[in-house]
Amino acid sequence: MSDAVLTIDNLTVSLPAWADRPHAVNGVSLQVMRKEILCVVGESGSGKSVMAKAILRLLPEPHVRVAGGRVIYEGQDLLALSADGIRVIRGGRIAMIFQEPMVALNPLMTVGRQTDEIIEVHTKLRPAERRKRIVEVFGDVRLPEPERMLASYPHELSGGQRQRVMIAMALALEPALIIADEPTTALDVTTQAQILKLLKELQAKHGTAIMFITHDFGVVAEIADRVAVMRQGVLVEHGRGKDILRHPQHDYTRALIAAVPSLVPRHTLRDARSGAPSLLSVSGLEKTFAGRGGAFSLGAQRVRAVAGVSLEVQKGRSLALVGESGSGKSTLARCIVGLERADKGAIRLEGTDIAGLSRAKLRPYRKALQMVFQDPFASLNPRWRVGDIIAQGPVVAGTPRKTALGEARELLRLVGLDPKAADRYPHEFSGGQRQRIGIARALAVKPKLIIADEPVSALDVSVQKQVLDLLDELRTTFDLSMLFITHDLRVAAHVCEEIAVMKDGAIVEQGSTAAIFARPQHAYTQALLASVPGRDWQTCT
């Protein structure tokens, strides 16, 4: 019997005539072996996810369709099967874990019923037997209180729990192959470490083969037996994980690995001006939200999102605010810029307390304080041209529109885009380009402080490096200070001289990035650093 669970032979997937290239996947041949994890890596648009969807016949035909090749599983070509034939394989013998569980899960069904549906379709088990199997598999993926979890809806679970449900659904029928499409991209570093460890344990227990699609080389270093590198639909390098990570042969692979931020801090406090005055000072800040049931419900719980936070950003310096989702980082940022009103505490911008100011009174201070949001597509008006988006702030502040549009074109050039991009709309740009537009918009009013809320979390490693280097360069050019919010400690080490670690709404550790990375004092900080995927690989290379 062959050791190959799946054989992809010269697979070609065509794109529609209006696409930027003729093929999403072009002549790719690969094998996924039993009891191994094959990591398929590459930037967005490299064809990774299209290849995975082609295997299970999930392409949006007829615009995107298989134009040639074979996908062999147990001696039969999956691409030649009937609709009923592929349905038996899909979810039963080959399962898929999707990138965004909140999109893949039905919001109107409990996660128990959704898992039950898979078992019901593919087996003849009775309801009691199916329930027993679901509780068992929920326990395998370490979901808390599996019996209670059966009745939960997707929105009631955390991101890590939803991803565990997706893994449980994939494992329910003990498939021969699991295809995992970027399953840890948006997760916190600790949750990501748990999911990766879980997949390796389950693979060892069940002997399942895994095709793991990712653009994160830290993840590759953590779990990969073999690695396949794709670029613009073509397989450019393929080999053992250790060999490719330590001795990459293709220029593209070398560039991707070189773009991974190091855990060694780039900046020290000596890099910034010593004795610099305080630009932003936050003291005793608190923000509480009504919990489930609403503010007017009897016995409604209160959630302290920010619990007495104090921090300081000096002129010319950059402070990283790190912590898991739900730690209160973004709420703190929204309070600082006035998008949320703090319940208690002071926010001093160059000595003036702006915490309790009305919108009208806060307006003069908005020029000094700007924000770059996590999702540039959601924060850019889709009906406005890019030039108008960037010029809006200066126009509101009194700059003539013609002058503001001219400055917008110059800012586009400064952030590495063609000034002609001012005449286009946000949907015509890639994610990295949209983030550059968001940065240009923030710079348009000549701020003194930029608050960047997870601005690179969803970007490819190479685009991420470009944006981080750009922010670093702009700090010097514009004499900017920065509060950089992230859950990626590699990013924090790349950008910031100082770091504040946030947990459950409070700052648990604060100081220079170099000192905290070298000798973390708090157990939570130690856990964050220990959870960074591929940490040992970067230390060795």
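The values are calculated or read from the model by the stated rules, or taken from the named source; none is laboratory data. In this text the structure is predicted, and so the values were computed from the model without any measurement. Glycine also receives a Cβ, built like all others from the backbone with ideal geometry; neighbour counts cover every protein chain displayed.
If you go through the stretch 88-100 one residue at a time, do you hit one that is of a type in the set (Lys, Arg) and surrounded by fewer than 16 Cβ atoms within 10 Å (Cβ to Cβ)?
No, the stretch 88-100 contains no residue that is of a type in the set (Lys, Arg) and surrounded by fewer than 16 Cβ atoms within 10 Å (Cβ to Cβ).
Looking at Gln435, is it polar (S, T, N, Q), surrounded by fewer than 22 Cβ atoms within 10 Å (Cβ to Cβ) and closer than 26 Å to Leu332 by Cβ?
Values: polar (S, T, N, Q): yes; surrounded by fewer than 22 Cβ atoms within 10 Å (Cβ to Cβ): no; closer than 26 Å to Leu332 by Cβ: yes.
Against the criterion (polar (S, T, N, Q), surrounded by fewer than 22 Cβ atoms within 10 Å (Cβ to Cβ) and closer than 26 Å to Leu332 by Cβ), Gln435 does not qualify.
Name the residue that is surrounded by the fewest Cβ atoms within 10 Å (Cβ to Cβ), counting only residues in the stretch 323-340 that are touching a Gly at 6+ places or on another chain (Cβ under 8 Å) and outside any helix (DSSP H, G or I).
So the residue we want is Ser325.
Here's the yes/no breakdown for (1) among the acidic types (Asp, Glu); (2) surrounded by fewer than 19 Cβ atoms within 10 Å (Cβ to Cβ); (3) at negative phi:
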site: Val111; (1), (2), (3): no, no, yes
site: Thr115; (1), (2), (3): no, no, yes
site: Glu120; (1), (2), (3): yes, yes, yes
site: Ala128; (1), (2), (3): no, yes, yes
site: Glu136; (1), (2), (3): yes, yes, yes
site: Arg142; (1), (2), (3): no, yes, no
site: Glu147; (1), (2), (3): yes, yes, yes
site: Ala151; (1), (2), (3): no, yes, yes
site: Gln163; (1), (2), (3): no, no, yes
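Given the residues Ala209, Ala255, Ala259, Ala228, which is the only one that is surrounded by fewer than 22 Cβ atoms within 10 Å (Cβ to Cβ), among the aliphatic types (A, V, I, L, M) and either on the phi > 0 side of the Ramachandran plot or more than 20 Å from the chain's Cα centre (by Cα) (or both)?
Values: Ala209 fails: surrounded by fewer than 22 Cβ atoms within 10 Å (Cβ to Cβ); Ala259 fails: either on the phi > 0 side of the Ramachandran plot or more than 20 Å from the chain's Cα centre (by Cα) (or both); Ala228 fails: surrounded by fewer than 22 Cβ atoms within 10 Å (Cβ to Cβ).
Just one listed residue meets the conditions, Ala255.
Return the residue satisfying two criteria in turn: it lies in the stretch 48-78 and is in contact with a Gly (Cβ under 9 Å, 6 or more places away or on another chain) and either more than 26 Å from Pro183 (Cβ to Cβ) or without any contact (Cβ under 8 Å) to a residue 24 or more places away in the chain (or both), and of such residues it is surrounded by the fewest Cβ atoms within 10 Å (Cβ to Cβ). Reasoning before the result, please.
Applying the first criterion (in contact with a Gly (Cβ under 9 Å, 6 or more places away or on another chain)) to the stretch 48-78 yields 48, 50-51, 54, 56, 68-69, 76, 78.
After this cut, where a residue has to be either more than 26 Å from Pro183 (Cβ to Cβ) or without any contact (Cβ under 8 Å) to a residue 24 or more places away in the chain (or both) as well, the list is 68, 76, 78.
On the way: Gly68: 15, Gln76: 13, Leu78: 21.
Checking each candidate, the answer is Gln76.
Return the residue satisfying two criteria in turn: it lies in the stretch 143-184 and is without any contact (Cβ under 8 Å) to a residue 24 or more places away in the chain, of a type outside the set (Lys, Arg) and part of a helix (DSSP H, G or I), and of such residues it is farthest from Ala104 (Cα to Cα). If you could, list the steps in order and put the result at the bottom.
First, the residues of the stretch 143-184 that are without any contact (Cβ under 8 Å) to a residue 24 or more places away in the chain: 144-148, 156, 161.
Narrowing the set further to residues that are of a type outside the set (Lys, Arg) leaves 144-147, 156, 161.
Going one step further and asking which of them are part of a helix (DSSP H, G or I), we end up with 146-147, 156, 161.
On the way: Pro146: 20, Glu147: 22, Glu156: 15, Gln161: 14 Å.
This residue is Glu147.
List, please: which pairs have Cβ atoms under 8 Å, are six or more places apart or on different chains, and start with a residue in the stretch 187-199 that is touching a residue at least 40 places away in the same chain (Cβ under 8 Å) and surrounded by fewer than 21 Cβ atoms within 10 Å (Cβ to Cβ) and end with one that is in a loop (DSSP other than H, G, I, E, B) and charged (D, E, K, R)?
Every condition considered, the pairs that remain are Thr190/Glu324; Gln194/Arg142; Leu198/Arg142.
I need the full set of residues from the stretch 494-523 which are more than 20 Å from Ala333 (Cα to Cα) and under 21 Å from the mean Cα position of the chain (by Cα), in order please.
Within the stretch 494-523, His494 is the sole residue that qualifies.
Looking at the stretch 185-208, can you tell me whether even one residue there is in a helix (DSSP H, G or I), of a type in the set (Asp, Glu) and at pLDDT below 85? Break it down stepwise before answering.
Residues of the stretch 185-208 in a helix (DSSP H, G or I): 189-206.
Cutting the leftovers down to of a type in the set (Asp, Glu) gives us 201.
With the extra rule that they be at pLDDT below 85, the set shrinks to 201.
There is at least one residue in the stretch 185-208 that is in a helix (DSSP H, G or I), of a type in the set (Asp, Glu) and at pLDDT below 85.
Hey, does the stretch 132-142 have a residue that's within 29 Å of the chain's Cα centre (by Cα), closer than 30 Å to Gln192 by Cα, part of a helix (DSSP H, G or I) and in contact (Cβ under 8 Å) with a residue 60 or more places away in the chain?
Looking for residues that are within 29 Å of the chain's Cα centre (by Cα), closer than 30 Å to Gln192 by Cα, part of a helix (DSSP H, G or I) and in contact (Cβ under 8 Å) with a residue 60 or more places away in the chain, one finds at least one in the stretch 132-142, hence yes.
Checking the conditions here, which among Ser283, Ser278, Ser310 is in contact with a strand residue (DSSP E or B) (Cβ under 9 Å, 6 or more places away or on another chain), under 30 Å from Ala346 (Cα atoms), modelled with pLDDT under 90 and of a type in the set (S, T, N, Q)?
Details: Ser283 fails: modelled with pLDDT under 90; Ser310 fails: modelled with pLDDT under 90.
It is Ser278.
Restricting attention to the stretch 435-460, report how many residues are of a type in the set (A, V, I, L, M, F, W, C), in a strand (DSSP E or B) and in contact with a helix residue (DSSP H, G or I) (Cβ under 6 Å, 6 or more places away or on another chain). Before you say what the answer is, go through the steps one by one.
First, the residues of the stretch 435-460 that are of a type in the set (A, V, I, L, M, F, W, C): 437, 439-440, 442-445, 449-452, 456, 458-459.
Those left that are additionally in a strand (DSSP E or B): 449-452.
Narrowing the set further to residues that are in contact with a helix residue (DSSP H, G or I) (Cβ under 6 Å, 6 or more places away or on another chain) leaves 450-451.
Result for the stretch 435-460: 2.
Which residue, of Gln76, Gln99, is among the polar types (S, T, N, Q) and at pLDDT below 90? Outline the logic, then answer.
Numbers: Gln76 fails: at pLDDT below 90.
Among Gln76, Gln99, only Gln99 is among the polar types (S, T, N, Q) and at pLDDT below 90.
Given Phe373, Phe377, which one is surrounded by 15 or more Cβ atoms within 10 Å (Cβ to Cβ) and in contact with a strand residue (DSSP E or B) (Cβ under 8 Å, 6 or more places away or on another chain)? I'd like the intermediate steps shown before the answer.
Values: Phe377 fails: in contact with a strand residue (DSSP E or B) (Cβ under 8 Å, 6 or more places away or on another chain).
Testing whether each residue is surrounded by 15 or more Cβ atoms within 10 Å (Cβ to Cβ) and in contact with a strand residue (DSSP E or B) (Cβ under 8 Å, 6 or more places away or on another chain) leaves just Phe373.
Step by step: first the residues of the stretch 82-111, then only those that are assigned to a loop (DSSP other than H, G, I, E, B) and of a type in the set (D, E, K, R), then the one that is farthest from the chain's Cα centre (by Cα). Which residue is that? Give the steps one after another, and end with the answer.
First, the residues of the stretch 82-111 that are assigned to a loop (DSSP other than H, G, I, E, B): 82, 91-93, 98-100, 105-110.
Filter once more, so that each one left must be of a type in the set (D, E, K, R): 93, 100.
Values: Arg93: 29, Glu100: 10 Å.
Step by step, filter the stretch 82-111, then rank; the result is Arg93.
Might you let me know whether the stretch 294-306 holds any residue that is out of contact with any His (no Cβ under 8 Å at 6 or more places or on another chain) and at pLDDT 90 or above?
Taking the stretch 294-306 first, the residues out of contact with any His (no Cβ under 8 Å at 6 or more places or on another chain) are 294-306.
With at pLDDT 90 or above added as a condition, the list becomes 306.
Yes, because at least one residue in the stretch 294-306 is out of contact with any His (no Cβ under 8 Å at 6 or more places or on another chain) and at pLDDT 90 or above.
Consider Phe429 against the criteria (1) buried (at least 20 other Cβ atoms within 10 Å of the Cβ); (2) more than 27 Å from Leu349 (Cα to Cα); (3) hydrophobic (A, V, I, L, M, F, W, C): it satisfies all of them except one. Which criterion is unmet?
Tallying (1) buried (at least 20 other Cβ atoms within 10 Å of the Cβ); (2) more than 27 Å from Leu349 (Cα to Cα); (3) hydrophobic (A, V, I, L, M, F, W, C), Phe429 fails exactly one: (1).
Only one of (1) surrounded by 24 or more Cβ atoms within 10 Å (Cβ to Cβ); (2) farther than 30 Å from Pro400 by Cα fails for Ala452. Which number is that?
Condition not satisfied by Ala452: (2).
Can you name the residue in the stretch 126-178 that is over 30 Å from Ala4 (Cα atoms) and basic (Lys, Arg) and, of all such residues, is modelled with the lowest pLDDT? Quick ask: steps written out before the conclusion?
Of the stretch 126-178, the ones over 30 Å from Ala4 (Cα atoms) are 126-132, 135, 143-162.
Retained after the next criterion (residues that are basic (Lys, Arg)): 126, 130-132, 148, 162.
Values: Arg126: 94, Arg130: 93, Arg131: 94, Lys132: 93, Arg148: 88, Arg162: 85.
The residue in question is Arg162.
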